[in-house]
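First comes the structure, then the notes that go with it.
The values are calculated or read from the model by the stated rules, or taken from the named source; none is laboratory data. The structure presented is a predicted model; accordingly, all values stated were derived computationally and were not measured. In this analysis, Cβ positions are derived from the backbone assuming ideal geometry, glycine residues included, and neighbour counts consider all displayed protein chains.
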Amino acid sequence: MRSQIKLMTFLAAVLLMFFTLSLPAYSAIEAHSFDTDLQRERYQSFIEEMRCPKCQNQNLAGSDSPISADLRRELYEMIKEGKADKEIIDFMVARYGDFILYRPRVTPVTYVLWAAPVVLLTAGIIVLLIMLRQRRRLALMQSSSALTDEEQARLNALLVDKKIEEKTSSANTSSAKTKAIKNNVKNNNLKDNQEPH
């Protein structure tokens, strides 16, 4: 008899624990009655397309948070009142922001978010191409600027010849200038001597 009481107590405890742990699963089920199947489809669409403001990346249909229950009730009432989809979405966005929509609207503000990756990728490719071209040009210039031993010897000989030429031409120029100055002084002296005083 004692064993039967222990068994009955154990079974009662297991059942109580099972029902206690399963209560949250039953709390998210809400029974709403709709006039038409279209209203039911709109409601299902809204609760699957709208995000819970409190939960991370969970829609209203899958969230058990109190705010999700309030939003589901609010959606139900708006659909029953016959409000259009746009009115419902505008109301929810005005109240909770664009975050509530799983598929946010495309607005001038979101253009930046949508276009930025494409613009940055294009700019990166352009910069990469410019860098590659510059490297290629630099490599070509370095390979073409390397002289063979024969070319280097010829270049040195030309530079030596040019230096010699410059020295002789500057010496010739300076001696010619000196002669011109001497001639000018001589001519001036002759003129001074020929004039009567």
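Here is how the numbers come out for the structure above:
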{"item": "Restricting the range 75-120 to residues that are surrounded by 12 or more Cβ atoms within 10 Å (Cβ to Cβ) and of a type in the set (Lys, Arg), the residue that is nearest to GLU41 (Cα to Cα)", "result": "LYS80"}
{"item": "Number of the exception - LEU147 against (1) surrounded by fewer than 13 Cβ atoms within 10 Å (Cβ to Cβ); (2) touching a Leu at 6+ places or on another chain (Cβ under 8 Å); (3) of a type outside the set (Val, Ile, Thr); (4) in contact (Cβ under 8 Å) with a residue 12 or more places away in the chain", "result": "(4)"}
{"item": "Candidates ASP64, ASP70, filtered to the one that is touching a residue at least 40 places away in the same chain (Cβ under 8 Å) and at negative phi", "result": "ASP64"}
{"item": "Extreme residue, farthest from GLY97 (Cα to Cα), among residues of the range 60-73 that are surrounded by 15 or more Cβ atoms within 10 Å (Cβ to Cβ) and not small (Gly, Ala, Ser)", "result": "ARG72"}
{"item": "Residue match in the range 87-97 (condition: among the hydrophobic types (A, V, I, L, M, F, W, C) and over 33 Å from the mean Cα position of the chain (by Cα))", "result": "yes"}
{"item": "Residue list for the range 28-59, filter: out of contact with any Gly (no Cβ under 9 Å at 6 or more places or on another chain), surrounded by 10 or more Cβ atoms within 10 Å (Cβ to Cβ) and modelled with pLDDT under 80", "result": "GLU30, HIS32"}
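Residue by residue, here is whether (1) modelled with pLDDT of 80 or more; (2) outside any helix (DSSP H, G or I); (3) in contact with a His (Cβ under 9 Å, 6 or more places away or on another chain); (4) within 30 Å of ASN59 (Cβ to Cβ) holds:
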site: PRO117; (1), (2), (3), (4): yes, no, no, yes
site: LEU120; (1), (2), (3), (4): yes, no, no, no
site: GLY124; (1), (2), (3), (4): yes, no, no, no
site: LEU128; (1), (2), (3), (4): yes, no, no, no
site: ARG137; (1), (2), (3), (4): yes, no, no, no
site: LEU147; (1), (2), (3), (4): no, yes, no, no
site: ASP161; (1), (2), (3), (4): yes, no, no, no
site: ASP192; (1), (2), (3), (4): no, no, no, no
